[in-house]
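Right, one structure below, let's go through it.
The values are calculated or read from the model by the stated rules, or taken from the named source; none is laboratory data. Note that the coordinates shown come from a computational prediction; the quantities given were computed from them, not determined experimentally. When we count neighbours, we look across all protein chains shown, and the Cβ atoms used for this are built from the backbone with ideal geometry, even at glycine.
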Amino acid sequence: MKLGWLTVVASILAGAMLFFTPSVTEAQEDAHASILLYHHVSDSTPRVTSVTADELREHLTYLKDNDFTVIDIRDAIAAAQGRKEIPEKSVVITFDDAYQNIYTNGWPILKEFDVPWTLFVTTDPIGQTPGQYMSWDQIRDLHNDGVVIANHSLDHAHLPRRADFANEQAWLQRMRENILDAEAKIKEEVGVSYKLFAYPYGEYDAVLADLVAELGFIGFGQHSGGFSQHSDFRAIPRFAAAGMYANLGTLGTKMAALGMPVLETHIEDTLLDHEDTRPILKLKLDTSDFHRNQLNCFIRSHPHAPQWHDEQTFSVQADEPIGIGRQRYNCTVPSISRPGRFYWYSVQWIRPDQQGSWPD
């Protein structure tokens, strides 16, 4: 079995149902997109969140030479909602955090290839840390060039943490203010409000995801997976494309990923109790375009065989306790109708320490 096939998340808890996948009866049935996530474009920043200028150019060249179409993030959303058609093998490019090197090193390359892209902005550091983050004038330059400017919170905090708040209500009010104040700042400085929100570190729980939806936003995580009508619009997956994930030997497969046809997701929550060391992922799938015996799940790169409960429903659980912090289950399965392409699903758990915290 080749690991290059599969790096997707599967962890299910036989408890409460977190959400039903939104029913989009009019959706373009074959509307799938892979959303790529970048941070730095530099050879002198932390490798784990960086691509070099040469790597970014290599990625864009690969997309161009292999019949991919880079599309606007708003078109991908519209297609998944049944309002627009998009090309086969569509890819969306996103950057987080508004680092200066995106403007100086990344933007010229993206203009060279004439592709649309999105910048998720953490608003507090803008103009406060020259040389590390862009200025609002630079962000306006990007907007004027057609870049989608979207919300990445005020301060890039670990939003699901409650430890610094007196109670749940105080935390929830602060989360509401964080998201809305950042959106208001973008509106004030750039003149747009697309209501697209990327969770810092990709971290969210059920309450926060529900708040994002209640406020009228579409949310984006940092867990792997294709995007389609079956995705959770409170936390749309994105494939990391930096560091060890910048290698086209594996990234090329992810660029062609399909959204897993999830009909129901059964999860207690993505934010675990400290004592919950072996969460369960349970999914009900439309299995018409794949063979059930080819579905593979991985936890910390180790294969975990899914347990099928009926013709459409499976679960998977870690054999050993997962560590403190962000942990993922990944599940993939090859498509019958699209040879060489894989349905891909992931979930990111957060397991806190005994004090309710976890590392960056």
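Within the range 225-242, residues that are in contact (Cβ under 8 Å) with a residue 12 or more places away in the chain sit with their Cβ atoms under 6 Å from residues that are of a type in the set (Phe, Trp, Tyr) and surrounded by fewer than 23 Cβ atoms within 10 Å (Cβ to Cβ), at 6+ positions apart or across chains, in these pairs: 232/19.
Going by the structure shown, is residue 265 touching a strand residue (DSSP E or B) at 6+ places or on another chain (Cβ under 7 Å) and either surrounded by 15 or more Cβ atoms within 10 Å (Cβ to Cβ) or closer than 17 Å to residue 321 by Cα (or both)? Spelling it out, residue 265 is indeed touching a strand residue (DSSP E or B) at 6+ places or on another chain (Cβ under 7 Å) and either surrounded by 15 or more Cβ atoms within 10 Å (Cβ to Cβ) or closer than 17 Å to residue 321 by Cα (or both).
Conditions tested, residue by residue: (1) crowded, with 23+ Cβ neighbours inside 10 Å; (2) aromatic (Phe, Trp, Tyr); (3) at pLDDT below 95.
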{"site": "168", "(1), (2), (3)": "no, no, no"}
{"site": "181", "(1), (2), (3)": "no, no, no"}
{"site": "193", "(1), (2), (3)": "no, no, no"}
{"site": "216", "(1), (2), (3)": "no, no, no"}
{"site": "220", "(1), (2), (3)": "yes, yes, no"}
{"site": "227", "(1), (2), (3)": "yes, yes, no"}
{"site": "239", "(1), (2), (3)": "yes, yes, no"}
{"site": "260", "(1), (2), (3)": "yes, no, no"}
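Does residue 346 satisfy the criteria of being of a type in the set (S, T, N, Q) and assigned to a strand (DSSP E or B)?
yes
In the range 68-89, the residue that is surrounded by the fewest Cβ atoms within 10 Å (Cβ to Cβ) out of those that are among the basic types (Lys, Arg) and free of Cβ contacts under 8 Å to residues at least 60 places away in the same chain is 83.
Each row is one residue, and each column tells you yes or no for (1) outside any loop (DSSP other than H, G, I, E, B); (2) basic (Lys, Arg); (3) surrounded by fewer than 23 Cβ atoms within 10 Å (Cβ to Cβ).
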| site | (1), (2), (3) |
| --- | --- |
| 298 | yes, no, yes |
| 303 | yes, no, yes |
| 331 | yes, no, no |
| 340 | no, no, yes |
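Between a residue in the range 258-271 that is polar (S, T, N, Q) and any residue that is modelled with pLDDT of 95 or more and part of a loop (DSSP other than H, G, I, E, B), which pairs come within a Cβ distance under 8 Å, given they are 6 or more apart or on different chains? That search, which allows pairs on different chains as well, returns 265/232; 270/204; 270/205. When residue 157 is tested against the conditions (1) modelled with pLDDT under 95; (2) crowded, with 17+ Cβ neighbours inside 10 Å, the lone failure is (1).
Residues to consider are 123, 104, 94; find the one that is assigned to a helix (DSSP H, G or I) and surrounded by 14 or more Cβ atoms within 10 Å (Cβ to Cβ).
Only one candidate qualifies: 104.
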